[in-house]
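Novice: Can you keep this structure in mind? I'll have questions shortly.
The values are calculated or read from the model by the stated rules, or taken from the named source; none is laboratory data. Fair warning: this is a prediction, and the values are worked out from it, not measured in the lab. All Cβ positions, glycine included, derive from the backbone under ideal geometry; neighbour counts span all protein chains shown.
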Amino acid sequence: MTTTPTSQLPADHPLTSGLTSESALLNQYRGSRTSAGAPASPERRPVWFMRQAGRSLPEYRELREGTSMLDSCLNPDMASEITLQPVRRHDVDAAIFFSDIVIPLRLAGVGVEIKPGVGPVLDAPVRTAADVAALPELDDAAFAPITEAIQRTTAELGSTPLIGFAGAPFTLAAYMVEGRPSRDHLGPRAMMHTDPQTWNALAAWAADVSGRFMRAQLMAGASAAQLFDSWAGSLGRADYQRHVLPHSTAALSHVSGLSGPDGVSAPLVHFGTGTSEILDLLKTAGADVVGVDYRLNLSEATRRLGPETPLQGNIDPAFLTADWSVLEAHVREVIAAGSGAAGHVLNLGHGVPPETDPAVLTRVVELIHSIDP
């Protein structure tokens, strides 16, 4: 059963109540401006890290011991605690909800597990029209553990925003076609051309469950959301524009325009790896903010997207193991490169590597906060 969509956030939502609406993070996502359109008051420079909640933290490993990845995501107490851990430790300016892009599959009843050292593995790949037709419908009631986890988390976060996220349709569908991680994604890429009707049906299913997953997070209390496309960089521009962009647009349409009664909306971020040549297309899918990976200088991203587009990124994770002087210089270069954009939220150009020393992340946050916005 699905519910009738509404574009209005609940009255007790952190954006509606004003708790997070003027945070440094959201002001940058909106282009350094407040909800009223006036210049934002001086504030610290915002930063958070993709995969900040996870394997780099000893408290995470201790809590997760003996619990599978997907089971931990669907345990509201555990998911909330893991989400909060890096905020307490690093003093980052946002929490990212601890979950996984295949959670909507699990909630719909698709057999999937995260195998250590491998990644998402499905009980059976989805490769034919009959396979797609047999995919179950996701019931909104299945989001109950997500809603509970987010409500627990936002109650602890106070004025610190929570970011929800979901996997983009191409990445989700790619896992479903291959049945497991792939280096080249030949299966989904071939399906686009050899059986486009089946591809479009599968990608539309993935867009629906991912979009509704993001919507459930925002309605429960997340103040922003990010659509994450891990594998879009494996596609040529023409293939992305024809076979993927419409589905990413459909996923984002589930959360576009969600706002409180005063019009304060939840910003949407679109991020992909290896997507330098399609950044403009990521923006046209419906994002307010474009995340840039470590491969492209932010000044060049601004040239391609226009100075009115807020950016997120893009410290190279490889620098996290460098000498501090090298890492500090790199962080300052990223800040300078992002200065031409309407807004800039510091992040990595991908996720935190599991071997990262947490003390280094904390020191990077302190450095970023020490530099005048």
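Novice: Scan the stretch 156-166 residue by residue and report those that are under 17 Å from the mean Cα position of the chain (by Cα) and either of a type in the set (K, R) or in a loop (DSSP other than H, G, I, E, B) (or both).
Specialist: T160, P161
Novice: Go through (1) in a helix (DSSP H, G or I); (2) under 21 Å from A142 (Cβ atoms); (3) touching a residue at least 60 places away in the same chain (Cβ under 8 Å); (4) not basic (K, R) one by one and return the number of the condition S248 breaks.
Specialist: (2)
Novice: If you don't mind, there's one more thing I want to ask. Looking at the stretch 45-99 only, could you name the residues that are of a type in the set (D, E, K, R), closer than 29 Å to P310 by Cα and at pLDDT 95 or above?
Specialist: Across the stretch 45-99, the qualifying residues are R45, R88, R89, D91, D93.
Novice: Also, I was wondering about something else. Mind counting the residues in the stretch 293-306 that are surrounded by fewer than 19 Cβ atoms within 10 Å (Cβ to Cβ) and either charged (D, E, K, R) or under 14 Å from Q28 (Cβ atoms) (or both)?
Specialist: Looking only at that region, the number is 4.
Condition check ((1) within 18 Å of Q217 (Cβ to Cβ); (2) in contact with a Ser or Thr (Cβ under 7 Å, 6 or more places away or on another chain)) across all residues:
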site: L74; (1), (2): yes, no
site: M78; (1), (2): yes, yes
site: L84; (1), (2): yes, yes
site: A95; (1), (2): yes, yes
site: R106; (1), (2): yes, no
site: V110; (1), (2): no, no
site: L138; (1), (2): yes, no
site: T153; (1), (2): yes, yes
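Novice: Out of everything in the stretch 259-292 that is outside any loop (DSSP other than H, G, I, E, B), over 16 Å from the mean Cα position of the chain (by Cα) and small (G, A, S), what residue ends up being surrounded by the most Cβ atoms within 10 Å (Cβ to Cβ)? Walk me through it before giving the result.
Specialist: Residues of the stretch 259-292 outside any loop (DSSP other than H, G, I, E, B): 259, 265, 268-272, 276-284, 289-291.
This time we only want the ones that are over 16 Å from the mean Cα position of the chain (by Cα), so: 259, 265, 276-278, 280-281, 284.
If we keep only those that are small (G, A, S) too, we end up with 259, 265, 276.
Working: S259: 16, S265: 21, S276: 16.
Checking each candidate, the answer is S265.
Novice: Show the residue pairs meeting these rules: Cβ distance below 8 Å; 6+ apart or different chains; first residue within the stretch 174-200 and farther than 16 Å from V121 by Cα; second residue assigned to a loop (DSSP other than H, G, I, E, B) and among the aliphatic types (A, V, I, L, M).
Specialist: R189/L235
Novice: Next up: Go through the stretch 311-369 and count every residue that is exposed (fewer than 14 other Cβ atoms within 10 Å of the Cβ), under 22 Å from R89 (Cβ atoms) and more than 22 Å from the chain's Cα centre (by Cα).
Specialist: 5
Novice: Among the residues of the stretch 339-355, are any in a loop (DSSP other than H, G, I, E, B) and charged (D, E, K, R)?
Specialist: Among the residues of the stretch 339-355, at least one is in a loop (DSSP other than H, G, I, E, B) and charged (D, E, K, R), which makes the answer yes.
Novice: Something else about it: Does the stretch 167-184 contain any residue that is under 21 Å from I278 (Cα atoms) and assigned to a strand (DSSP E or B)?
Specialist: Within the stretch 167-184, one or more residues are under 21 Å from I278 (Cα atoms) and assigned to a strand (DSSP E or B).
Novice: Exactly one of these conditions fails for L157: (1) surrounded by fewer than 24 Cβ atoms within 10 Å (Cβ to Cβ); (2) closer than 17 Å to V110 by Cα. Give me its number.
Specialist: (2)
Novice: Inside the stretch 71-85, can you point out the residues that are touching a residue at least 60 places away in the same chain (Cβ under 8 Å) and not in a loop (DSSP other than H, G, I, E, B)?
Specialist: Correct list: P76, D77, A79, S80, T83, L84.
Novice: Would you mention how many residues in the stretch 220-245 are of a type in the set (S, T, N, Q) and assigned to a loop (DSSP other than H, G, I, E, B)? Lay out the reasoning, then the answer.
Specialist: Of the residues in the stretch 220-245, the ones of a type in the set (S, T, N, Q) are 223, 226, 230, 234, 241.
Remaining after also requiring assigned to a loop (DSSP other than H, G, I, E, B): 223, 230.
Counting residues in the stretch 220-245 that are of a type in the set (S, T, N, Q) and assigned to a loop (DSSP other than H, G, I, E, B) gives 2.
Novice: Only one of L135, L162, L122, L84 is within 30 Å of R45 (Cα to Cα), touching a helix residue (DSSP H, G or I) at 6+ places or on another chain (Cβ under 7 Å), surrounded by fewer than 20 Cβ atoms within 10 Å (Cβ to Cβ) and aliphatic (A, V, I, L, M); which?
Specialist: Exactly one of L135, L162, L122, L84 is within 30 Å of R45 (Cα to Cα), touching a helix residue (DSSP H, G or I) at 6+ places or on another chain (Cβ under 7 Å), surrounded by fewer than 20 Cβ atoms within 10 Å (Cβ to Cβ) and aliphatic (A, V, I, L, M), namely L84.
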